[in-house]
Every structure is written in structure tokens, then in C-alpha cells.
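Reading through the C-alpha cells given below for one structure.
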Amino acid sequence: MLRRGLIAAAAATLLASAAQAQETVKVGLILPMTGPSASTGKQIDAAVKLYQAVNGTTVAGKKVEVILKDDTGVADITKRLAQELVVNDKVAFLAGFGLTPLALAVAPIATQARVPEIVMAAGTSTITEASPFIARTSFTLAQSSVPMADWSIKNGIKKVVTLVSDYGPGIDAEKSFAEKFKAEGGTIAESLRVPLRNPDFAPFLQKAADAKPDALFVFVPSGFGAQFVKQFVERGLDKSGIKLIATGDVTDDDQLNGMGDVMIGVINTHNYSAAHDSPANKAFVEAFKKANNGMRPNFMAVGGYDGMHLVYEALKKTGGATDGEKLMAAIKGMAWESPRGPISIDPDTRDIIQNIYVRKVDKQNGELYNVEFATIPNVKDPVKAAKKN
Ligand code: DHB
């Protein structure tokens with residue numbers, strides 16, 4: 001009797017867990033919630049929560065459950081967490097990835113487990129080539145750096161020093177800026193690469209000043225801009241006549257307002273500004289601030305918000321089916337209106353196609369913002385576009 005009862009209880013448990021597995025779609029969200037890139041984690045986590053608050057948690061009859069894990073920004077941890085999420089939690093999606101090495105560490109797992117990997121933050125061009133199961137809702141550095149070079153040439157800048165963080169996205173920024181700038185007749189006086197971890201910009205800023213360029217082109221990842229600007233001012237470069245130009249990672253909405261009026265007039269290029277003038281963005285910024293004690297969303301938040309949109313819409317298209325191939329087929333070519341403007345997922349590369357905006361830092365209602373004044377529409381990743389030709 002006892003034995004039969006136990007078997008029946010075990011069978012009931014199995015059935016219950018099978019039913020639950022059917023009804024819940026799990027999204028493993030891996031972010032740096034602590035460590036030097038914690039601001040990226042904080043922004044994306046807040047955006048994912050907002051997306052679910054606005055759109056509900058049921059999609060195609062299934063409950064979407066987000067499991068948040070902190071990888072502290074260390075690739076070995078990202079990889080272990082992804083493995084655990086796939087094997088133990090049976091997630092249907094892996095998402096997040098605050099830095100390029102973290103996104104790359106998970107690519108073999110996505111391929112092997114046939115689980116879509118939604119890259120919400122990292123920006124090195126090659127990431128999407130690391131697995132056919134990767135799709136990106138963030139940006140590539142070449143997308144923003146090429147328009148920055150183009151603007152510079154058209155506005156009388158002839159000699160530039162580049163200064164970038166020494167890893168994937170920095171090298172992409174340096175190379176894509178230099179290639180375009182030189183092709184248009186400009187000169188690169190120095191190409192400076194600063195360590196990603198614990199950067200001391202002072203010796204590099206000295207070198208940049210010594211080269212006497214018209215402008216200094218800078219990329220540092222989200223969360224590092226304020227420290228760069230502090231040292232830029234401490235070394236007196238703001239008074240040197242050398243123009244500061246940058247990708248919008250430097251004039252990050254998360255830190256910009258704290259950088260001070262020295263930033264007014266800095267020209268930069270990027271995919272998102274909290275000041276983007278559209279009804280969709282106004283609603284997004286207002287709801288995000290309301291839910292997060294007034295915190296302003298940055299480009300990472302938008303990458304997270306749109307990444308959740310991709311998850312929801314893919315599930316709608318598959319009728320709730322979580323087969324990895326079906327989800328990827330649903331993702332390819334998807335197009336929608338993001339708070340940043342119109343975006344789509346390139347069906348050939350699974351990378352994002354989006355507008356890039358030329359912006360000028362200015363004061364609006366007493367706060368510093370990146371104010372957009374020109375738009376380059378529907379930019380594909382220039383690195384992959386060049387490879388195809
Ligand atoms: C990456 C990280 C960032 O914070 C950023 O602003 C751009 C790129 C990256 O590691 O790919």
C-alpha cells in the first residue's frame with residue numbers, strides 16, 4: 001500500500017512539474033549587478049522589470065519568468081551561470097551580457113543547447129558571428145563610430161587622436177573611426193588604448209595633448225565615462241583647444257548629468273538619448289523614472305527593454321513553443337518601434353539595424369542631455385557590411 005502510494009505521489013509530482021514546465025517560459029537574465037559595470041546591470045534589470053509591468057507576464061498562454069543572476073562582470077562566472085540556467089532551470093532564453101567577453105563566453109552554450117542568446121548590452125561586431133543562436137538588441141561600436149568620423153570631417157576636424165578601452169568594442173571603435181576618417185582625408189596622430197580595468201587616463205591624456213590634434217575621439221564603456229571626464233578636466237584638456245568627440249557610451253545618460261557643464265557642446269554619436277523626441281520615448285522615460293526613484297534610462301536600459309520585446313514577440317509568433325530554431329526563425333527580420341526609434345533584426349546577421357543620431361550635450365530644464373540634431377537612418381553594422389562586399 002505504502003509502496004503504491006509512494007509511486008502515485010511520485011507520478012503526481014512528475015505530472016505537476018511537467019505541467020508547470022509547459023506553462024512557464026524561463027528567461028535566464030545574466031547581468032553584472034555588482035563590480036565596475038554594475039550600472040549596466042541596474043539599468044537593464046530595471047528595464048526588463050518595466051517591460052513586464054507594462055506588458056504583463058503572460059505571453060501566448062504561458063507565464064514568462066525572468067531569473068536574474070549576477071555575474072559580477074567576470075566571464076567564467078557568466079559561463080557557469082548560463083550552464084546552470086540551461087541544465088537546471090531549463091531556460092528558453094539566455095539574455096543580458098553587460099560586456100563583450102561575457103556575451104562571447106556563452107556563445108558555445110547557446111549553440112550546443114540550441115537556446116537563443118539575446119545580447120542586450122555588448123557591442124563588439126563579431127559577437128553575432130559566435131553562434132547562430134545569438135541576436136542583438138544593443139548596438140555595435142562601428143555603427144556609432146563611422147558617423148562620428150563623417151561628422152568630424154564635414155566640420156573641419158583634420159587631425160584626431162583616438163583613445164579607447166583596450167578590448168573588443170574599443171578596438172572596433174578605433175578602427176572603424178580611423179578607417180572612415182582617413183578615407184575622407186583626415187589624419188590619425190595617435191591611437192591610444194587604455195586598460196579596461198582600473199583605467200588611469202592621465203598618461204594617455206598627456207600623450208594626446210602632446211600630439212596637438214584638432215579633436216580627441218573617445219570610447220569607454222558605460223559606467224566609465226565620468227572617471228574619464230574627471231581626468232580630462234584635471235589635466236586641463238577642456239581648456240587646451242582640443243575638441244572632445246565621442247561615442248555616446250562616454251556621454252552616458254546614466255552619468256552625464258553628474259559630469260558637469262564642462263560637457264556642454266560635446267558632439268557624440270549613438271543609438272539612444274533619453275531626450276529622444278518621440279511619444280514612445282516620452283512614455284518610456286516617464287514610466288522608467290517613476291518605477292526607479294527618478295533614475296534616467298540610458299542606452300543599456302533600451303537594449304534590455306527591446307530584448308524583452310524580442311522574447312515576447314518571438315513567443316507570440318511560435319504560439320508559445322520554445323524550440324530554439326523556431327524562436328530564432330521568429331526573431332529574424334522582426335521590426336518595431338523602440339523608445340530609440342524604428343529598429344529591426346537583420347535576418348541575415350541577427351544583428352540590430354537602427355538609426356544613429358548625432359547629438360550635442362546641452363542643458364534642458366536644468367539638466368544635461370544628449371540633444372539629437374541629425375539622424376543617419378537604418379544603420380547596419382558597418383563591419384559586417386564591409387565583409388559582405
Ligand atoms: C560594451 C560595453 C559597454 O558598456 C558599452 O557601452 C559598449 C560596449 C562591450 O563590452 O561590448
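Structure notes:
- Distance between the C-alpha centres of the range 150-208 and the range 299-370: 28 Å, rounded to the whole angstrom.
- Residue 166-residue 111 FRET efficiency (beta carbon distance; Förster radius 41 Å; 0.05 resolution): 0.90
- Cα-projected label distance for residue 155 with residue 280, points at 7 Å along beta-carbon direction, nm: 2.7 nm
- Nearest-20 debye value, the chain charge dipole, Cβ charges on Lys, Arg, Asp, Glu: 520 debye
- Accessible surface, the range 206-327, averaged per residue in Å² (probe 1.4 Å): 37 Å²
- Largest first, the residues 194, 74, 66 sort by 1.4 Å accessible area into 74, 66, 194.
- Residue ranges 291-300, 231-240 sort as 291-300, 231-240 when ordered by packing (mean number of other C-beta atoms within 10 Å per residue, highest first).
- Summary of packing: across the peptides 143-156, 167-180, the per-residue average of other C-beta atoms within 10 Å ranks them, highest first, as 167-180, 143-156.
- Simple spin-label estimate for residue 55 and residue 295 gives 2.0 nm between the two label positions (7 Å along the Cα-to-Cβ direction from each Cα).
- Under the simplified labelling scheme, the residue 67-residue 184 pair shows an inter-label distance of 4.8 nm, with each label point 7 Å from Cα along Cα→Cβ.
- Ordering 178, 110, 93 by Cα displacement along the dipole of the range 75-226 toward the positive end leaves 178 in first place; charges were set at the Cβ atoms of Lys, Arg (+1) and Asp, Glu (-1).
- When +1 charges are put on Lys and Arg Cβ atoms and -1 charges on Asp and Glu Cβ atoms, the dipole computed for the range 223-298 relative to its Cα centre reaches about 80 debye.
- Taking each of 316/384; 42/387; 62/332; 207/289; 158/384 in turn, the alpha-carbon distance tops 32 angstrom for 42/387; 207/289.
- C-alpha long axis of helix 75-87 to longest principal axis of the chain, angle in °: 20 degrees
- Solvent-accessible area, 1.4 Å probe, carbon plus sulfur percent, for the chain: 53 percent
- Lys/Arg +1, Asp/Glu -1 at C-beta; the chain dipole; positive extreme among 268, 189, 124: 124
- Highest-MSF residue in the chain out of 200, 253, 306 [GNM, Cα springs under 10 Å]: 200
- Calculated FRET efficiency, residue 24 to residue 378, Cβ-Cβ distance, R0 = 51 Å: about 0.90 to the nearest 0.05.
The values are calculated or read from the model by the stated rules, or taken from the named source; none is laboratory data. Fair warning: this is a prediction, and the values are worked out from it, not measured in the lab. Counting neighbours? That spans all protein chains shown, and the Cβs are built from the backbone with ideal geometry, glycine included. Ligands, DNA and RNA are excluded from the accessible area calculation, which covers all protein heavy atoms including side chains. Shrake-Rupley method; radii C 1.70, N 1.55, O 1.52, S 1.80 Å.
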